[in-house]
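Undergrad: The structure under discussion is supplied below as structure tokens; questions concerning it will follow.
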Amino acid sequence: DSGVTQTPKHLITATGQRVTLRCSPRSGDLSVYWYQQSLDQGLQFLIHYYNGEERAKGNILERFSAQQFPDLHSELNLSSLELGDSALYFCASSPTPRVGGDTEAFFGQGTRLTVV
Amino acid sequence: AQSVTQPDIHITVSEGASLELRCNYSYGATPYLFWYVQSPGQGLQLLLKYFSGDTLVQGIKGFEAEFKRSQSSFNLRKPSVHWSDAAEYFCAVGPYYGGSQGNLIFGKGTKLSVKP
């Protein structure tokens, strides 16, 4: 158990809908990273928050947004869903603003989103 | 641009045989390097990491990896594979110290199958 909790584990929804994925980082970790894993694109970095502030954006669509709350949990909002958004969405956390040195990222088990 | 290449999409080895998974990176400075493993239905678990010092690093589950700066490689090895090692393996680079970006960049993964 990495200590990172993601809910829900599975989500099935229709095209055009909006969903919210939730991530609770490890106790004490200030950074939350969101990744999308799909068969064709692999693990793509979406967005990084540190202590409530957005630090970096990766390949995140405009239909997607995220935030980190004062209690440090994070939510990833996906709207106007398309079939191609079906993927496994991972959240990771770390204690510092960047991964490296003696700091690693701990991953949750992911939320599998299926858009039908 | 920063990137990670894992040239082998799928590798099959016999149980008890040795294993080497290849990873090449493109980065502007000496990066932090990581290997993660993902078992079916699970999140990513860190196997080992390199950030300085001895270029041969030991990890969990009997894995090791060697950093070769001249070849921009960080190959993962295991002398004797067990059936439980069947999983997908991801190589990743982390940001260099002083860089503004904090996240990991992943390769597309190598799926390992183990024959009895």
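The values are calculated or read from the model by the stated rules, or taken from the named source; none is laboratory data. Predicted model, so just to flag it, every value in this text is computed and none were measured. Backbone-built Cβ (ideal geometry, glycine too); neighbour counts: all protein chains shown.
Undergrad: What single numbered condition from (1) exposed (fewer than 13 other Cβ atoms within 10 Å of the Cβ); (2) within 11 Å of chain B (Cβ to nearest Cβ); (3) of a type outside the set (S, T, Y) fails to hold for A:G16?
TA: Single failed check for A:G16: (2).
Undergrad: Does B:S70 satisfy the criteria of being more than 14 Å from chain A (Cβ to nearest Cβ), within 23 Å of B:P116 (Cα to Cα) and not in a strand (DSSP E or B)? Walk me through how you get there before you give the answer.
TA: Details: more than 14 Å from chain A (Cβ to nearest Cβ): yes; within 23 Å of B:P116 (Cα to Cα): no; not in a strand (DSSP E or B): yes.
Answer is no for this residue.
Undergrad: Same structure, new question: Restricting to segment A:19-40, name every residue that is crowded, with 22+ Cβ neighbours inside 10 Å, among the hydroxyl-bearing types (S, T, Y) and out of contact with any Leu (no Cβ under 7 Å at 6 or more places or on another chain).
TA: A:S31, A:Y33
Undergrad: If I filter segment B:23-58 down to residues being of a type in the set (F, W, Y) and assigned to a loop (DSSP other than H, G, I, E, B), which single residue comes out as nearest to B:I105 (Cα to Cα)? It would help to see each step written out before you state the result.
TA: Filtering segment B:23-58 down to residues of a type in the set (F, W, Y) leaves B:25, B:27, B:32, B:34-36, B:50-51.
Narrowing the set further to residues that are assigned to a loop (DSSP other than H, G, I, E, B) leaves B:27, B:51.
Details: B:Y27: 10, B:F51: 15 Å.
It comes out as B:Y27.
Undergrad: Pick out, from segment A:1-91, the strands (runs of 3 or more DSSP E) lying fully within it that include 2 or more residues that are at pLDDT below 95. Even if it seems obvious, please write down each step before you answer.
TA: Details: elements: A:5-7, A:10-13, A:19-24, A:31-38, A:42-50, A:53-57, A:64-68, A:74-78.
Answer list for segment A:1-91: A:31-38, A:42-50, A:53-57.
Undergrad: I would also like to ask the following. Can you name the number of the only condition in (1) surrounded by 19 or more Cβ atoms within 10 Å (Cβ to Cβ); (2) within 17 Å of A:A87 (Cα to Cα) that A:K9 fails?
TA: Failed condition: (1).
Undergrad: Another question about this same structure. Are there any pairs, at least 6 apart or on different chains, whose C-beta atoms fall under 8 Å, with the first in segment A:41-63 and within 11 Å of chain B (Cβ to nearest Cβ) and loosely packed, with under 13 Cβ neighbours inside 10 Å and the second of a type in the set (S, T, Y) and part of a strand (DSSP E or B), and if so, which?
TA: If the second residue must be of a type in the set (S, T, Y) and part of a strand (DSSP E or B), no pairs are left.
Undergrad: Out of curiosity, is B:V4 at pLDDT 95 or above, within 12 Å of another protein chain (Cβ to nearest Cβ), crowded, with 16+ Cβ neighbours inside 10 Å and closer than 26 Å to A:F90 by Cα? Even if it seems obvious, please write down each step before you answer.
TA: Details: at pLDDT 95 or above: no; within 12 Å of another protein chain (Cβ to nearest Cβ): yes; crowded, with 16+ Cβ neighbours inside 10 Å: yes; closer than 26 Å to A:F90 by Cα: yes.
No; evaluated as a whole, the condition is false for this residue.
Undergrad: Given the conditions (1) away from chain B (no Cβ under 11 Å); (2) within 22 Å of B:E88 (Cβ to Cβ); (3) of a type in the set (V, I, T), which single one is not true for A:V115?
TA: (2)
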